[in-house]
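A short worksheet on the structure shown next.
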Amino acid sequence: MAEERWTAVDEYVSGLLAPHDEALEAALRRSDEAGLPAIQVSPPQGKQLHLLARSIGASSILEFGTLGAYSTIWLARALPADGRLITLEADPRNAEVAGRNIAAAGLAHLVDLRVGPAFDLLPQLEAEDAGPFDLVFIDADKIHTPDYFAWSLDRTRPGGLIVSDNVVRFGELADPKSDDPTIPAQRRLHDLIAADPRVEATTIQTVGCKGYDGFNLALVVG
Ligand code: SAH
Ligand code: DHB
Ligand code: MG
């Protein structure tokens with residue numbers, strides 16, 4: 001019952017405020033046809049990422065975990081004509097679908113899709129002196145969220161945002177003895193943020209068509 005209501009509200013909100021156009025619709029269709037799991041952000045969450053990027057005038061975005069590029073499309077649509085979004089995806093099959101979706105959405109000139117485990121790609125980005133970033137969206141392998149966060153924090157400008165997805169996990173976040181192997185990482189993320197004066201942050205619990213989860217929103221202040 002609860003999940004049905006959450007989904008109904010997501011559908012109501014997205015119908016009015018985050019409607020899908022042909023490119024977003026086609027991206028989900030291609031992802032589904034290719035057998036990708038439907039674990040992308042919800043439409044209202046995609047719209048939220050888009051609004052966050054726009055509200056800080058983001059022109060440089062980094063994303064960990066592309067899947068079929070659904071969140072990538074929402075974020076890239078917030079960029080100015082000379083903006084850039086780098087997105088990192090470990091699975092070449094996902095990346096192939098993502099590449100097609102990005103091209104079909106007319107965003108290939110803004111999006112730089114890199115294929116490989118993020119840990120292997122980060123030294124490359126360092127060598128290229130990529131960044132500083134205005135916004136980072138961390139949504140890849142959850143056990144490494146705090147590591148990606150620490151790397152990103154060094155390379156996000158003051159006033160920039162780091163959004164980490166899936167940090168609440170059905171409320172398991174509050175349980176230090178949780179069986180969910182990703183929870184120690186999410187708690188490490190919170191410890192790290194709490195101890196670092198360069199960042200001000202909060203975590204918001206969410207319900208919706210993706211169940212009960214939440215995200216951390218961190219503002220880089222120095
Ligand atoms: N951001 C996407 C969903 C990402 S799902 C959206 O909302 O539309 C998580 C993705 O992270 C998967 O595609 C998975 O293959 C990828 N991934 C897992 N481990 C990774 C790693 N070590 N480096 C980069 N990507 C990884
Ligand atoms: C999973 C990954 C996600 O990024 C998400 O938002 C939900 C679920 C997963 O790996 O199951
Ligand atoms: Mg996610």
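Report every pair of residues separated by at least 6 positions or lying on different chains whose Cβ atoms are under 7 Å apart, first residue within region 54-74 and in a helix (DSSP H, G or I), second within 12 Å of ligand 3 (Cβ to nearest atom) and open to solvent by 10 Å² or more (accessible area, probe 1.4 Å). Hits for this filter: Tyr70/Gln40; Ser71/Gln40; Ser71/Asp139.
Only one entry of Leu36, Leu49, Leu28 meets the criterion of being under 18 Å from Asp139 (Cβ atoms) and touching a Gly at 6+ places or on another chain (Cβ under 6 Å), and that entry is Leu36.
Per the conditions (1) away from ligand 2 (no atom under 15 Å from the Cβ); (2) touching a helix residue (DSSP H, G or I) at 6+ places or on another chain (Cβ under 7 Å), the sole criterion not satisfied by Asp120 is (2). Among the residues of region 97-124, those identified as touching a residue at least 40 places away in the same chain (Cβ under 8 Å) and part of a helix (DSSP H, G or I) are Val97, Arg100, Asn101, Ala104, Ala118. In the condition set (1) over 19 Å from Ile204 (Cβ atoms); (2) within 15 Å of ligand 2 (Cβ to nearest atom); (3) outside any loop (DSSP other than H, G, I, E, B), Pro158 is compliant with all but (2).
Being open to solvent by 40 Å² or more (accessible area, probe 1.4 Å), closer than 23 Å to Glu22 by Cβ and within 9 Å of ligand 1 (Cβ to nearest atom) is the requirement here; does Ile73 meet it? Answer is no for this residue. From the list Pro132, Pro117, Pro123, the lone residue that is away from ligand 1 (no atom under 15 Å from the Cβ), modelled with pLDDT of 95 or more and open to solvent by 50 Å² or more (accessible area, probe 1.4 Å) is Pro132.
Scanning region 75-92 for residues that are among the hydrophobic types (A, V, I, L, M, F, W, C) and assigned to a loop (DSSP other than H, G, I, E, B) yields Ala78, Leu79, Ala81, Ala90. Residues that are hydroxyl-bearing (Ser, Thr, Tyr) and more than 26 Å from Leu122 (Cα to Cα) within region 154-201 comprise just one, Ser178.
Looking across region 39-87, the residues that are within 14 Å of ligand 3 (Cβ to nearest atom) and hydrophobic (A, V, I, L, M, F, W, C) come down to Ile39, Val41, Leu49, Phe64, Leu67, Ala69, Trp74, Leu75.
The values are calculated or read from the model by the stated rules, or taken from the named source; none is laboratory data. Every value quoted in this text rests on a predicted model; they were computed, and no experiment measured them. Glycine gets a Cβ as well: all are built from the backbone with ideal geometry, and neighbour counts include every protein chain shown. For accessibility, only protein heavy atoms count, side chains too; no ligands or nucleic acids. Shrake-Rupley method; radii C 1.70, N 1.55, O 1.52, S 1.80 Å.
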